Amino acid sequence: METLRNALSTVVGEAAFDLECAEIAYDGRAGRPSSQSVSAADLRTIYHREKDRSVKLYANARAPDASMAMLADALRRALEQFVHPDTDKIGHAFPVDGSDYSRETFRSDGLLDCESWSPVSKFAGALVRAAAIMGVEKALGLLAAWKSGKAVRLRMCAVLNGLPLNAPVSPHDDIRIVPLPLTTAELPRLPVRRDVALQDYLGLSLFTIHLSASPALFRPDPGAREGSVRCSAAAGVNLDLACEALSLHTGGHVSPSFAWHEYPDAAAFCLEESGTWGPCGDDRLRRRHWKELSHDLHTGVAAITPSEQEPPLCPDEEELRWITKALPGADKELRIALDRWHRSMHPGARLEDRYIDLRVALEALYLKEFDDERSQEMRFRLALFGAWHLADGLEQRKSVRKTLRDAYDIASKVVHGGEVLKKPRGDLFRKAIAELARAQDLCRRGMLKLLREGPPIWGDLILGGPAS
């Protein structure tokens, strides 16, 4: 690596960087970029000043051709086992400005495997900029670690819907969720999307989970049908599970609007905007409800005053950590119940669909041993088992039984084409919404109890036996 060190030091000392920087306005539009040529020292200062702000930042290294050729040759020799001999390309598990191929693989566990291939000459240019920003020794130290097999550190981030927080919370050692500020002047650097203005982020929550990707460097195989890079997280923990745990704990519908990767070590190798992915339609970003939006025309800063109907939440971190840890071990029926209950909580879903999803959730909780029973028998058992499982005393059990029975009846009428929910502003519609909320809360309580205590012996339970 000594030859590479000498060549890199020479190029960084000779290089100038064509810098473009454009500030992002509150409405999500990029301003006119300011362009200038700066030294390595100036680039380092500007980068650290701007990297956490809402700006578009790009810098291209310019150095004498002979020096760049020597650097590329030294890099090719130092990383020979990762360079394809025919294409002169190197594979890497982190983005690099100038890469000409990338592959993304979405996995069933909610993670995304990403890899890129770059010509050695382009990788060398990104290395020059990275060395200017972080220093030659640190940049080469990263290369040496990746060459020896060390994984790339990264974070998967997402903006969450339905979780206005008043303080950061950590449902797992590798997960942190922080409330976003109420003014664009304090926003961290977030993705720029056509469908999202900076003001739409205000008051929402930012989810971050620590991951790793390996191999960090690899030899590209043009004939391979699958990618070489594999992303890893703590066992059983991912974004979807965390959102389910948050929903179960808060009694609301928490969902990711979109997600993206950040690379804390390799960030200086790629200054271009990172891509985002995620659901669309009803799960697109839903901005925080506000009662007032202000915009300072002089500074361009926007700020919101949140609606009192959506107060910030203060989750019990210990309880949330327990739910997050317990969910991966839940049985199939409880997982089905949680998935369907979560769907029934979606504020954008039709009321009819929410009732149907809730009915499936309740059946998964309380009727898994009675799949062949007739409809009326299922209705009776569901209401009876739920009442004995969730309540103590005659009057409480009567109330729970009625709520579960009424919710089941409405769902059954919907399934069979009934017109019970056809008038959005009628009394029947408002009653159906209230009944749904009560039944959803009972379902949530039942899931938490089963998660904590395990399933009871249902026959013993209704004879007065223990609930677990």
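The values are calculated or read from the model by the stated rules, or taken from the named source; none is laboratory data. Computed from a predicted model, the values in this text were never measured in an experiment. Cβ: placed from backbone, ideal geometry, glycine included. Neighbour counts: every protein chain shown. For the accessible areas, the whole protein counts, side chains as well, though only heavy atoms, and no ligand, DNA or RNA atoms are used. Shrake-Rupley method; radii C 1.70, N 1.55, O 1.52, S 1.80 Å.
Before moving on, here are some points about what is shown:
- Between L293, L358, the distinction of being open to solvent by 40 Å² or more (accessible area, probe 1.4 Å) and over 22 Å from the mean Cα position of the chain (by Cα) belongs to L293 only.
- Among the residues of the range 156-189, the ones that are at pLDDT below 95, of a type in the set (K, R) and out of contact with any Lys or Arg (no Cβ under 8 Å at 6 or more places or on another chain) come to 0 in all.
- If the condition is being among the aliphatic types (A, V, I, L, M) and in contact with a helix residue (DSSP H, G or I) (Cβ under 6 Å, 6 or more places away or on another chain), then the range 60-94 contributes A61, A63, M70, L71, A72, A74, L75, A78, V83, I90.
- Taken together, the residues in the range 340-368 that are assigned to a helix (DSSP H, G or I) and closer than 18 Å to G454 by Cα amount to 6.
- Positions within the range 350-381 being farther than 24 Å from R430 by Cα, at pLDDT 85 or above and hydrophobic (A, V, I, L, M, F, W, C), in sequence order: A364, L365
- Selection from the range 305-342 of residues that are under 24 Å from L362 (Cβ atoms), open to solvent by 30 Å² or more (accessible area, probe 1.4 Å) and among the hydroxyl-bearing types (S, T, Y): none
- Of the listed requirements (1) in contact (Cβ under 8 Å) with a residue 60 or more places away in the chain; (2) closer than 24 Å to V301 by Cβ, S205 misses just one: (1).
- Only strands (runs of 3 or more DSSP E) whose full extent lies in the range 82-178 are considered here, and the ones with at least 1 residues that are among the hydroxyl-bearing types (S, T, Y) are 101-106, 112-119, 169-172.
- Count of residues meeting criterion [out of contact with any helix residue (DSSP H, G or I) (no Cβ under 6 Å at 6 or more places or on another chain) and not in a helix (DSSP H, G or I)] in the range 225-250: 13
Rundown of residues vs (1) at pLDDT below 95; (2) closer than 20 Å to K122 by Cβ; (3) assigned to a helix (DSSP H, G or I), yes/no style:
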position	(1), (2), (3)
L8	no, yes, yes
E23	yes, no, no
Y26	yes, no, no
Q36	yes, no, no
R49	yes, no, yes
D52	yes, no, no
A61	yes, yes, no
A72	no, yes, yes
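- Criterion applied to P424, P455, P466 was being modelled with pLDDT of 75 or more, not acidic (D, E) and not in a helix (DSSP H, G or I), and the one residue passing it is P455.
- For the residues S274, S212, S232, the requirement of being closer than 29 Å to L334 by Cβ and either in contact (Cβ under 8 Å) with a residue 40 or more places away in the chain or surrounded by fewer than 18 Cβ atoms within 10 Å (Cβ to Cβ) (or both) singles out S232.
- Pairs with Cβ under 8 Å, 6+ apart, first in the range 179-195 and in contact (Cβ under 8 Å) with a residue 12 or more places away in the chain, second outside any loop (DSSP other than H, G, I, E, B) and surrounded by fewer than 17 Cβ atoms within 10 Å (Cβ to Cβ): L182/T305; V192/A30
- Condition check for R32: without any contact (Cβ under 8 Å) to a residue 12 or more places away in the chain, outside any helix (DSSP H, G or I) and open to solvent by 70 Å² or more (accessible area, probe 1.4 Å): yes
- Flag for A66 being open to solvent by 60 Å² or more (accessible area, probe 1.4 Å) and hydrophobic (A, V, I, L, M, F, W, C): yes
- Candidates are the residues of the range 69-108 that are touching a Leu at 6+ places or on another chain (Cβ under 9 Å) and surrounded by fewer than 18 Cβ atoms within 10 Å (Cβ to Cβ); the one that is nearest to T10 (Cα to Cα) is R77.
- Yes/no for P256 being touching a Leu at 6+ places or on another chain (Cβ under 7 Å), modelled with pLDDT of 90 or more and open to solvent by 60 Å² or more (accessible area, probe 1.4 Å): no
- The conditions of being open to solvent by 70 Å² or more (accessible area, probe 1.4 Å) and more than 18 Å from D200 (Cβ to Cβ) are not met by R287.
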